[in-house]
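A.B. asks: Here it is, the structure in full.
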Amino acid sequence: RELARVASEAAGGGGATRGIPVAEARERLGAVVDALVLDQAVVTRRAAEVGWSPRYPSFGEGVAAAYREWVSGDDG
């Protein structure tokens, strides 16, 4: 819910969200929903080995910038 709220804020929705059952989400979006509803953390040692680190430490801290980049079509 928190991630949906900050995504809504970044997209100009004022933080408004609306929950729907997972089965309904699957009907609308397909199998990707199963990945979206998991509590996930992505960790890779290789990234550090090549000197890469994320620009933002969390989704909440980077979502506004990512949304602005997405709507502008600028990929960095």
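The values are calculated or read from the model by the stated rules, or taken from the named source; none is laboratory data. Being a predicted model, the structure only gives us computed values, none of them experimental. Using ideal geometry, Cβ is built from the backbone for each residue, glycine included, and neighbour counts are taken over all protein chains shown. The area values use the complete protein model at the heavy-atom level, side chains included, leaving out ligands, DNA and RNA. Shrake-Rupley method; radii C 1.70, N 1.55, O 1.52, S 1.80 Å.
A.B. asks: Of everything in the stretch 37-67, what is closer than 17 Å to ALA10 by Cβ, out of contact with any helix residue (DSSP H, G or I) (no Cβ under 6 Å at 6 or more places or on another chain) and not in a loop (DSSP other than H, G, I, E, B)? Give them in sequence order.
C.D. replies: Scanning the stretch 37-67 gives GLU61, GLY62, ALA65, ALA66.
A.B. asks: Assess whether VAL6 counts as being assigned to a helix (DSSP H, G or I) and either polar (S, T, N, Q) or surrounded by 12 or more Cβ atoms within 10 Å (Cβ to Cβ) (or both).
C.D. replies: It is true that VAL6 is assigned to a helix (DSSP H, G or I) and either polar (S, T, N, Q) or surrounded by 12 or more Cβ atoms within 10 Å (Cβ to Cβ) (or both).
A.B. asks: Among VAL43, VAL33, which is the only one that is open to solvent by less than 70 Å² (accessible area, probe 1.4 Å), free of Cβ contacts under 8 Å to residues at least 12 places away in the same chain and not hydroxyl-bearing (Ser, Thr, Tyr)?
C.D. replies: VAL33
A.B. asks: If you don't mind, another one. If you go through the stretch 57-69 one residue at a time, how many are more than 12 Å from the chain's Cα centre (by Cα) and at pLDDT 90 or above?
C.D. replies: 2
A.B. asks: In addition: Please enumerate the residues belonging to the stretch 9-30 that are in a helix (DSSP H, G or I), among the charged types (D, E, K, R) and open to solvent by 80 Å² or more (accessible area, probe 1.4 Å).
C.D. replies: Result: GLU9, ARG26, GLU27, ARG28.
A.B. asks: Of all residues in the stretch 46-74, which are over 22 Å from LEU3 (Cα atoms) and either open to solvent by 100 Å² or more (accessible area, probe 1.4 Å) or aliphatic (A, V, I, L, M) (or both)?
C.D. replies: Result: ARG46, ALA47, ALA48, GLU49, VAL50, TRP52.
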